[in-house]
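Have a look at the structure below before the remarks.
The values are calculated or read from the model by the stated rules, or taken from the named source; none is laboratory data. Everything numeric in this text was worked out from a predicted model, so none of it was measured. Methodologically, a virtual Cβ is constructed for each residue, glycine included, from the backbone with ideal geometry; neighbour enumeration extends over all protein chains shown.
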Amino acid sequence: MTSISDCDYSICDCGNVRQLTYLLIYRNLKSLTLPTTQLKMTQKTFWVNPYQTFHKTIVASVDGNDITLQSTIFFAFSGGQESDHGTIGGKQVISARKEGLEIVYTLAENHGLTVGKTVDIEIDWTRRYRLMRLHFAAELILELFYKSLDGVDKVGAHIAETKARIDFSWPESIAPMLPEFTLRANQIIEADLEIKCAFDDVVTERRYWEIDGFSRVLCGGTHVKRTGEVGQIRLKRNNIGRGKERVEIFLAS
């Protein structure tokens, strides 16, 4: 919303009747507030506090079954990490997707939500926490591959509630390397290091995570605060085709 008093009026020709008319109109309308198009994208509260499971916000736009919100804790599929599960205004979220920097939520028919309505968001915490743990575990394994294999190239990734996977372009089996990578990853996890997450570029909403011993890693997912929260992990190799290797990451509990 934009107040008329915020507008810049330049009135010239002093003494002119038109000037007086404009001035009277301006004074009468000064206190009014006029609707404008939304200027800000949804505030991603899930980056501020990824442990938050309940959030009160306001519906910013409605287009049929699709809505946007002023702020949200409900993560939408991005960077291979699956969307949260939960409700908005008591209505089950069917899907959540990114459109540029915006997040669009699809609800069921006749959801009844309107622009300006205050709603509660609730997410499935068990699912979110497993996604957070598996996401960081996958990122950690990826960085260990980068450190150890010169020229290895990631060609895909997916983080689900039960497991994560990373696909590589690599000419030979990665199976002999997995015991060493598992050991090194679990040592880092047991060290319970702080995981620092912040913006690399605020305008484009590009974010990163960082721990001692590693360079900054660009990532817009939700992460735990310390490596110890991940818990022990195990790795499994899966050959998905000639010249391609897949490592699957599982939580021990």
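Couple of notes before you dig in:
- Under the condition of being within 19 Å of Glu82 (Cα to Cα) and either touching a residue at least 24 places away in the same chain (Cβ under 8 Å) or touching a Cys at 6+ places or on another chain (Cβ under 9 Å) (or both), the residues counted in the range 198-234 number 11.
- Which listed residue, of Gly79, Gly112, is at pLDDT 95 or above and among the small types (Gly, Ala, Ser): Gly112
- Taken over the range 58-81, the residue count meeting the criterion of being more than 10 Å from the chain's Cα centre (by Cα) and surrounded by fewer than 21 Cβ atoms within 10 Å (Cβ to Cβ) is 13.
- Condition broken by Thr118, with the remaining ones in (1) over 18 Å from the mean Cα position of the chain (by Cα); (2) closer than 30 Å to Asp63 by Cβ; (3) crowded, with 17+ Cβ neighbours inside 10 Å; (4) of a type outside the set (Phe, Trp, Tyr) satisfied: (3)
- Meets criteria (at pLDDT 95 or above, more than 26 Å from Asp84 (Cβ to Cβ) and either of a type in the set (Val, Ile, Thr) or assigned to a helix (DSSP H, G or I) (or both)) for Leu140: no
- The range 193-238, subset of a type in the set (Gly, Ala, Ser), touching a strand residue (DSSP E or B) at 6+ places or on another chain (Cβ under 7 Å) and assigned to a loop (DSSP other than H, G, I, E, B), residue farthest from Ala76 (Cα to Cα): Gly231
- Flag for Ala157 being touching a strand residue (DSSP E or B) at 6+ places or on another chain (Cβ under 9 Å), among the small types (Gly, Ala, Ser) and farther than 20 Å from Gly80 by Cβ: no
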